Structure formats: structure tokens, C-alpha cells
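Input: a single structure, listed below in C-alpha cells.
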Amino acid sequence: MVSEGADSVLGMSRIVYDTATSLDGFIADPQHSLTWLFDAAGGAEPDPDLLPTDVGVMVEGSTTYEWVLAFSELLEHPERWREYYGDKPTFVFTRRTLPVPDGADVRFIAGSVSDALPRIREAAGGRDIWVVGGGDLAGQFFDADALDEIAVSIAPVTLGAGAPLLPRRIDAHRLSLRSARMAGPFARLAYRVSSAGDASH
Ligand SMILES: NC(=O)c1ccc[n+]([C@@H]2O[C@H](COP(=O)([O-])OP(=O)(O)OC[C@H]3O[C@@H](n4cnc5c(N)ncnc54)[C@H](OP(=O)(O)O)[C@@H]3O)[C@@H](O)[C@H]2O)c1
């Protein structure tokens, strides 16, 4: 299945930043907690209807990775990694040495998104590349002119402060709304991001 708003090109991975956000544009509260999100969703189990489809690899920053490890106790229960992510590779941007659950395909990477892209694309094998977060890392993909889609599931909550959704200025001519729908308590929006060199704007 091709995700909402997709302009798929055969054999070419799309790079998709897909996240849940508060109404005022934060993806975590100042304590890096997601309890507000689980409260809104009625539980911590992600609704498959709010997740990207056809994902070949995941990409995330180290705060997100460490949160996932701790929240699901993946170092203590490494078998859960495969249960949740199968054998999909996860690229983690970090300048530090971080632990990996036994058997998980986690690949650490540091430096510019442009330099990392060939490795990430090769691992994706033509399937989508899911930029899980955080917002600045998604911004680094945008800066590298390598972001194809932004999909947000907006929770009915404001946080006032926290980890930003996407701390970049992206003007309207770069974003086209491809879909908007209700998903339980969430508003789900998907935008296509046009390339900096796209003459169509
Ligand atoms: N609402 C949602 O659905 C959702 C989705 C994703 C994340 N989240 C949450 O949002 C928060 C995001 O945290 P965050 O804003 O700190 O972002 P993050 O992207 O998770 O982590 C940022 C860290 O990644 C490393 N990093 C980023 N770019 C790098 C690069 N080019 N090269 C090397 N390392 C790089 C740096 O850490 P080091 O080099 O020091 O390791 C940086 O401090 C977390 O609490 C996460 O759990 C929520």
C-alpha cells in the first residue's frame, strides 16, 4: 500500500517524516514524556492507521532511540525489538556510543544527512525511509533537500513547551496538502514537500 499523499516513483525510496504532535507543535513534553499522547490515544499501543506503510528503514536521533529503549525495556527484553520492528534496519544519528538490544539491526551514523543518505537509501531497498524524529533531524533532511513528505497526527492537546515538531521555516510553496482526515481523536495531515530546485512553484 502506498501511504497517503504519496507520489511514488518505482524503485525510489521516499523519505517521510511521520509523527504525532500536539496541537501547538511539540512531539514530546519538556521532560521527553509522551504521556499526553498516550492519554489522547487511549493507550501506548500505536494505531496502525496512524503509522506509515511500506517502510524499509527507520531513521531517528539518539534521544528518540534512548526513549524507545527505555520505554519498552528493550535492553532487558531484546526479543521485543524483533516483535516490534522485524528485521528492518534502524539508523540512529549520534556522536556517542549507545547500547543495542541483542539481535537488533541498529546502525549508528554521525555527521551530515547528505553523507549518510547513500547508506540509508541502499538499506531501504526502494521502500520508504521513515524519519521517526526528532524535529531537528527531520529539519536536517529538509536542509539536505531530501524530505519528500511530512505526515502529522495532531493530538487534541497543547503542551506549551517541549521538543519541537520541525524547527525550520518551510514556506507554503514547498508544501502541498495531499490528505486530511479524522482518525479517532487525531487530525491526520499529509503534505508533499517539493524539492528546492522544483520549478513548479
Ligand atoms: N510524538 C512522537 O510521535 C515522537 C516521535 C519521535 C520522537 N519523539 C520524542 O521527541 C523527542 C525528540 O528529541 P530531540 O529533539 O532531542 O531529537 P532526537 O533527534 O531524537 O535526538 C537529538 C540527538 O540526536 C543526535 N544527532 C542529531 N543529529 C545528528 C547528526 N547529524 N549527527 C550526529 N548526531 C546527531 C544528537 O545527540 P548525540 O550526538 O549527543 O547522541 C542530538 O542531540 C524525544 O523525547 C522523542 O522520544 C516523539
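Couple of notes before you dig in:
- Qualifying residues in region 56-84 (those that are in contact (Cβ under 8 Å) with a residue 60 or more places away in the chain and within 14 Å of the ligand (Cβ to nearest atom)) - the one surrounded by the fewest Cβ atoms within 10 Å (Cβ to Cβ): Thr63
- In region 133-176, the residues that are in a loop (DSSP other than H, G, I, E, B), near the ligand (Cβ under 10 Å from one of its atoms) and in contact with a strand residue (DSSP E or B) (Cβ under 8 Å, 6 or more places away or on another chain): Gly134, Gly162, Leu165
- Options Pro185, Pro118; residue that is over 15 Å from the mean Cα position of the chain (by Cα) and in contact (Cβ under 8 Å) with a residue 40 or more places away in the chain: Pro185
- Summed over region 102-128, residues that are within 15 Å of the ligand (Cβ to nearest atom) and outside any helix (DSSP H, G or I) total 7.
- Asp143 being surrounded by fewer than 16 Cβ atoms within 10 Å (Cβ to Cβ), free of Cβ contacts under 8 Å to residues at least 40 places away in the same chain and closer than 23 Å to Leu189 by Cβ: yes
The numbers here are math on the coordinates, done by the rules we state, and not lab data. Fair warning: this is a prediction, and the values are worked out from it, not measured in the lab. Don't worry about glycine lacking a Cβ; one is built from the backbone with ideal geometry, like all the others, and counts go over all protein chains shown.
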